[in-house]
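Down below is the structure, laid out as structure tokens.
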């Protein structure tokens, strides 16, 4: 099970996440988020990371020029894109991308193409709401190209065992009392539990 820890705001949290076994680190370039990070700060962190760790930039309803510019400057290897307004021409992106599907109902998960998707529960805000998607929506669906996000904690991970997700994305579930500050022990426990999930 691949694990992405999102909402990284400082180097220590990034290193703790990697040492816990995270495969990818997420950096939020959405200014209204409590986990927002400035491009220069993200770049400083990325330049101090060890090899073989994927860096992911999160974007909310931005155009392709903005995404290209930020990913280049901050050294993001993947763009995680919420495009509710359907404004992006994906063929103009210079970086690999992952579309976010904010599911409102079970039928939103039907008839997806063969791309990878990050699937989250729909909320009016963007990210960090901790709302969980109904797991029964994934019954009889091939989840091997889906990354599950939203409300995941070490205490409820076992509920997704057997569904066959490609990966999981966590942010608030491994934070301390302060939004944007990760808890080292929670990250270690989360990744350890995730490695038991199939």
Check your understanding: So what's the gap between the Cα centers of the stretch 46-67 and the stretch 156-195, to the nearest angstrom?
Key -> 20 Å
Practice item. With runs of 4+ DSSP H residues as the only contributors, calculate the mean residue ellipticity of the chain at 222 nm using -39,500 (n - 2.57) per run, divided by the residue total and rounded to the nearest 500. Key: -6000 deg cm²/dmol
Exercise for review: For residue 72 and residue 92, calculate 0.36 nm times their separation in residues minus their Cα-Cα distance, and state this gained length in nm to one decimal.
Suggested key: 5.8 nm
**Study point:** Candidates 67, 141, 81, ranked by Gaussian network fluctuation over the chain, Cα under 10 Å, top entry
**Key:** 141
Point to revise | Gaussian network model of the chain, springs between alpha carbon atoms under 10 Å - residue of 132, 110, 35 with greatest fluctuation | key: 110
Practice item. Please tell me the relative contact order of the chain in percent, rounded to the nearest whole number, where contacts are Cα pairs under 8 Å and at least six residues apart. Key: 22 percent
Exercise for review: Report the residue, chosen from 101, 148, 49, that carries the largest GNM mean-square fluctuation when the chain is represented by alpha-carbon nodes joined by springs under 10 Å.
Suggested key: 49
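Quick note: the coordinates plus some simple rules give every number you see, no bench work behind them. These numbers come from a predicted model, not from an experiment.
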